[in-house]
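Everything on this sheet refers to the single structure shown next.
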Amino acid sequence: MSVAIEGIDAKALPERSVGAAMRAGMRGRCPSCGKGSLFSAYLKVRDTCPACGEALHHQRADDAPPYFTITLVGHIVVPGLLLMERFLAPPMWVQAAIWLPATVILSLLLLPPIKGALIGLQWANYMHGFDPRQDSSDGDIGWESAPENTTAG
Ligand SMILES: [Zn+2]
């Protein structure tokens, strides 16, 4: 399956499987080879794949992983809380004792696979610096090629 991204002529490049790349990323593996680990820490993406050498620093997952995580966790926790209230009506502290930790734990568990899947999606569609035809010094306004960051410090 291929997803057309506006502005990118993906026809000129070999087609990459979006599903396979997203599944590899979801497992915390390199979207290219599926073997090397994608993360060097909890959410820290490696610069290159330790197995195949694929450059991974081009990823621009940014705030998409928390966005999808919040959406998913909200759709689990809110109905769960409401159903429990409707059918069991436990005291408020019981609801809080269940759903507050569930929200935190689910979010922490879902963030890495969602981030990995999004990086796989970007890699498979040659997005950002993953497009080999794209000169990293123009077009992609990634942090490493952006002008001096004047807001830092
Ligand atoms: Zn790899």
Checking Leu56 against (1) farther than 18 Å from Asp131 by Cα; (2) within 13 Å of the ligand (Cβ to nearest atom); (3) surrounded by 16 or more Cβ atoms within 10 Å (Cβ to Cβ); (4) among the hydrophobic types (A, V, I, L, M, F, W, C), which test does it fail?
-> (1)
Filtered residues of the stretch 39-53 (kept if outside any loop (DSSP other than H, G, I, E, B) and either more than 16 Å from the ligand (Cβ to nearest atom) or over 30 Å from Thr103 (Cβ atoms) (or both)) = Thr48
Taking the stretch 59-94, which residues are without any contact (Cβ under 8 Å) to a residue 24 or more places away in the chain and within 16 Å of the ligand (Cβ to nearest atom)?
-> none
Could you tell me whether any residue of the stretch 100-107 is surrounded by 15 or more Cβ atoms within 10 Å (Cβ to Cβ) and touching a residue at least 60 places away in the same chain (Cβ under 8 Å)?
-> no
Can you pull out the residues in the stretch 20-38 that are closer than 19 Å to Leu110 by Cβ and either more than 8 Å from the ligand (Cβ to nearest atom) or among the hydroxyl-bearing types (Ser, Thr, Tyr) (or both)?
-> Ala21, Met22, Arg23, Ala24, Gly25, Met26, Arg27, Gly28, Ser37, Leu38
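Only the coordinates and a few stated rules stand behind these numbers; no lab work does. All values reported here derive from a predicted model rather than from experimental measurement. Positions of Cβ are backbone-derived with ideal geometry, glycine not excepted, and every protein chain shown enters the neighbour counts.
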